[in-house]
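Report on the following structure.
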Amino acid sequence: MSSLMARLQSGKGYLLSAVIVAGLQTIILGTIIQSRASILGNGADVLLKTAPVDPRDFLRGDYVVLNYDISTVPVQTVSGGIPAEPGERTLWVRLKKQADGFWTVTESSFDTLPPQPETVILRSQPFYSGGLAAGDSIRVEYGIERYYVPEGQGKPLEEARNDGNVAIAVRVSPDGSAQIRSLLVDGKPVYDEPLY
C-alpha cells in the first residue's frame, strides 16, 4: 500500500512539473507574439529602400533576402566616436524622412541617441566591431533582412528587388526594434503583415 501511494505521489510530481513547463513555454511564446504585435500596432512608420543582394543568396526556401541602403552606415555619421577596443556592439541609427518618402541615416552612435522631432531611432542587431578607420562604412543588420513569402512566389520579388522596385514599410518601436509591416512593389503593397 505504501509503495502504491509513493508511486501516485511521484506521478503527481511529474504531472505538476509538466504543467509548470508547459505554462512557462506558453508565457514565453505569448510574450514574443505580443512584443511583435505591439511594435506593428503602435510603432513609428518608416519606408526603406532596398538594395540589390548578391544573386547567390537572394532566395533560400520561402524567404527573400533583403538589403537596405541604411544597412551601410557611413562612419562620418557616428557621433561620440568609435570604440577602439574590439567587441560586440550595437549601433543606434537616427533616420529622417527624405523628399522621396524614403528614410535615410542622418546620425548614428554606439550610445543611445536622444529623441528628436521628425526622426526615428533604429537599433542594430549586435555585431562584432574591431575599430574602424575614418572613411569606412559600418555594415549592420536590423533583424528585418528576411521576408517570408508564399511558396513559389519569390522569383518575381527577386527580379523586382534587383530592378530597384521593392520597398519595405517598417514599424519601429520606441526602443528601436523594427518589424516589417508590408512589402511594396512599384509603391503598391503586395504583402501586408497581420498583427497576429
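From the list E141, E107, E151, which residue is within 23 Å of T50 (Cβ to Cβ) and buried (at least 17 other Cβ atoms within 10 Å of the Cβ)?
On inspection, the qualifying residue turns out to be E107.
Residues of the range 19-39 being under 24 Å from I180 (Cα atoms) and not β-branched (V, I, T), which ones?
Residues satisfying the conditions are L29, G30, Q34, S35, R36, A37, S38.
Cβ contacts < 8 Å: first residue more than 16 Å from Y191 (Cα to Cα), restricted to the range 136-153; second residue modelled with pLDDT under 90, any location; separation 6+ or different chain. Result?
Going by the 8 Å Cβ cut-off, the qualifying pairs are I138/S129; I138/L132.
Between Q116, Q125, Q98, which is within 21 Å of the chain's Cα centre (by Cα), modelled with pLDDT of 95 or more and surrounded by fewer than 18 Cβ atoms within 10 Å (Cβ to Cβ)?
Q125
Search the range 140-182 for residues being under 14 Å from the mean Cα position of the chain (by Cα) and more than 16 Å from V120 (Cβ to Cβ), and hand back the single one that is modelled with the highest pLDDT.
Per the stated criteria, the residue is E141.
The values are calculated or read from the model by the stated rules, or taken from the named source; none is laboratory data. These numbers come from a predicted model, not from an experiment. Please note: Cβ atoms are built from the backbone with ideal geometry, for glycine as well, and neighbour counts cover all protein chains shown.
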